[in-house]
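Participant: To start, I am sharing the structure in question, which I have written as structure tokens.
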Amino acid sequence: MTVSSTATFVFNISQIITMAYRDAGLISIYQTLTTAQQTDGVDKLTRISMASQAKGLFARTVTFQTITLATNDTTYDLSSDTLDAIGPGMYADPSQPDPANSETLVTQVTRERWHENGNKSSSSRPTLYYVDRNTDTVKVVVWPVPSASENLGRIRFQTHRFRADVRDPNATVDYERYWTDYLVAELAAKLALSNSLSLERYQVLKGEAASKLLECKAYSKERPNQQFSIGHRSGWRNR
């Protein structure tokens, strides 16, 4: 037997929607989707994709963004597809090449911590920032205020981005290929519920989706070496 010479096949959005309708039992393998079914499938898949953003930080959706500082400017927009900034930023002064030879930490703090700072007009190299998520465009607010010496300096952030839209049936989803089973099962469950199929059918599909989601989440995260520390009380504690 000859093994395929390729390993690049990806289902497109229309195929995922069709498989979900078939797994729900709403169409047979001999039927194709109507325009109304396709539209409803796209809408529901969009909801699934949006909801998945809140299920964790995954390697595919975390990226780097760099802002360029300007004198006396404390607030900077991140890209329109940004959900949040994660962890510390790294500052490189204007004299540094890109990539820099030397960078310094810019620690993320809460908005409350920034608010309680009594000297907001202090000018120097930024060492703190908070994320302002009160508008559609996520912003970072840095402190101290960049002075003329920091003009054109750079801060690089790790950011959590939105996955690409799933509105084009001919496009592929912005997920690793092993997410396909989850997307099909979750969409099939939503279709079963909205089409008033039996509760048993819905529960089976929802259970399958939940199981697949756990597997996908586990594999989608970055996997550096981890070290666990366990503490417990004993008679020798505090001695």
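The values are calculated or read from the model by the stated rules, or taken from the named source; none is laboratory data. What you are looking at is a predicted structure, and each value in this text was computed from that prediction instead of being measured. Virtual Cβ from ideal backbone geometry, glycine too; neighbours counted across all protein chains shown.
Participant: Looking at segment 179-191, can you tell me whether even one residue there is at pLDDT 95 or above, closer than 30 Å to THR66 by Cβ and in contact with a helix residue (DSSP H, G or I) (Cβ under 7 Å, 6 or more places away or on another chain)? First the steps, then the outcome.
Facilitator: Keep residues of segment 179-191 that are at pLDDT 95 or above, which gives 179-191.
Adding the requirement that they be closer than 30 Å to THR66 by Cβ leaves 179.
Right, trim to in contact with a helix residue (DSSP H, G or I) (Cβ under 7 Å, 6 or more places away or on another chain) and you get 179.
Scanning segment 179-191 turns up at least one residue that is at pLDDT 95 or above, closer than 30 Å to THR66 by Cβ and in contact with a helix residue (DSSP H, G or I) (Cβ under 7 Å, 6 or more places away or on another chain).
Participant: Suppose we keep only residues that are assigned to a loop (DSSP other than H, G, I, E, B) and in contact (Cβ under 8 Å) with a residue 12 or more places away in the chain within segment 97-111. Which one would you say is surrounded by the most Cβ atoms within 10 Å (Cβ to Cβ)? Steps first, please.
Facilitator: Here is the first cut: in segment 97-111, the ones assigned to a loop (DSSP other than H, G, I, E, B) are 97-103, 109-110.
Now restrict to residues that are in contact (Cβ under 8 Å) with a residue 12 or more places away in the chain: 98, 100, 103, 109-110.
Details: ASP98: 8, ALA100: 16, GLU103: 16, VAL109: 18, THR110: 10.
The extreme case among them is VAL109.
Participant: Just checking, does segment 112-123 include any residue being buried (at least 18 other Cβ atoms within 10 Å of the Cβ) and within 27 Å of the chain's Cα centre (by Cα)? Please lay out each step first, then the result.
Facilitator: Step one: list which residues in segment 112-123 are buried (at least 18 other Cβ atoms within 10 Å of the Cβ), which gives none.
No: segment 112-123 contains no residue that is buried (at least 18 other Cβ atoms within 10 Å of the Cβ) and within 27 Å of the chain's Cα centre (by Cα).
Participant: Here's a follow-up. When segment 142-183 is examined, which residues are found to be among the charged types (D, E, K, R) and either in contact (Cβ under 8 Å) with a residue 40 or more places away in the chain or out of contact with any Lys or Arg (no Cβ under 7 Å at 6 or more places or on another chain) (or both)?
Facilitator: GLU150, ARG154, ARG156, ARG161, ARG163, ASP165, ARG167, ASP168, ASP174, GLU176, ARG177
Participant: Tell me which residues, restricted to segment 124-136, are surrounded by 13 or more Cβ atoms within 10 Å (Cβ to Cβ) and part of a loop (DSSP other than H, G, I, E, B). Please lay out each step first, then the result.
Facilitator: Residues of segment 124-136 surrounded by 13 or more Cβ atoms within 10 Å (Cβ to Cβ): 125-133.
Once the filter is applied, which keeps residues that are surrounded by 13 or more Cβ atoms within 10 Å (Cβ to Cβ) and part of a loop (DSSP other than H, G, I, E, B), segment 124-136 yields ARG125, PRO126, THR127, ARG133.
Participant: Taking the residues in segment 10-37 that are in contact (Cβ under 8 Å) with a residue 60 or more places away in the chain and assigned to a loop (DSSP other than H, G, I, E, B) as candidates, determine which candidate is surrounded by the fewest Cβ atoms within 10 Å (Cβ to Cβ).
Facilitator: VAL10
Participant: Given the structure, is ASP136 acidic (Asp, Glu), more than 16 Å from ASP73 (Cβ to Cβ) and in the same structural domain as PRO94 (by TED's automatic domain parsing)?
Facilitator: yes
Participant: Answer yes if at least one residue in segment 51-67 is within 17 Å of ALA188 (Cβ to Cβ) and free of Cβ contacts under 8 Å to residues at least 60 places away in the same chain, and no otherwise. Working first, answer last.
Facilitator: Taking segment 51-67 as the starting set, the residues that turn out to be within 17 Å of ALA188 (Cβ to Cβ) are 51-52.
If we keep only those that are free of Cβ contacts under 8 Å to residues at least 60 places away in the same chain as well, we get 51.
Yes, segment 51-67 contains a residue that is within 17 Å of ALA188 (Cβ to Cβ) and free of Cβ contacts under 8 Å to residues at least 60 places away in the same chain.
Participant: I would also like to ask the following. Do the conditions hold for ALA59, that is, is it at pLDDT below 95 and under 22 Å from HIS160 (Cβ atoms)? Reasoning before the result, please.
Facilitator: Working: at pLDDT below 95: yes; under 22 Å from HIS160 (Cβ atoms): yes.
Here the answer is yes, as ALA59 does meet what is asked.
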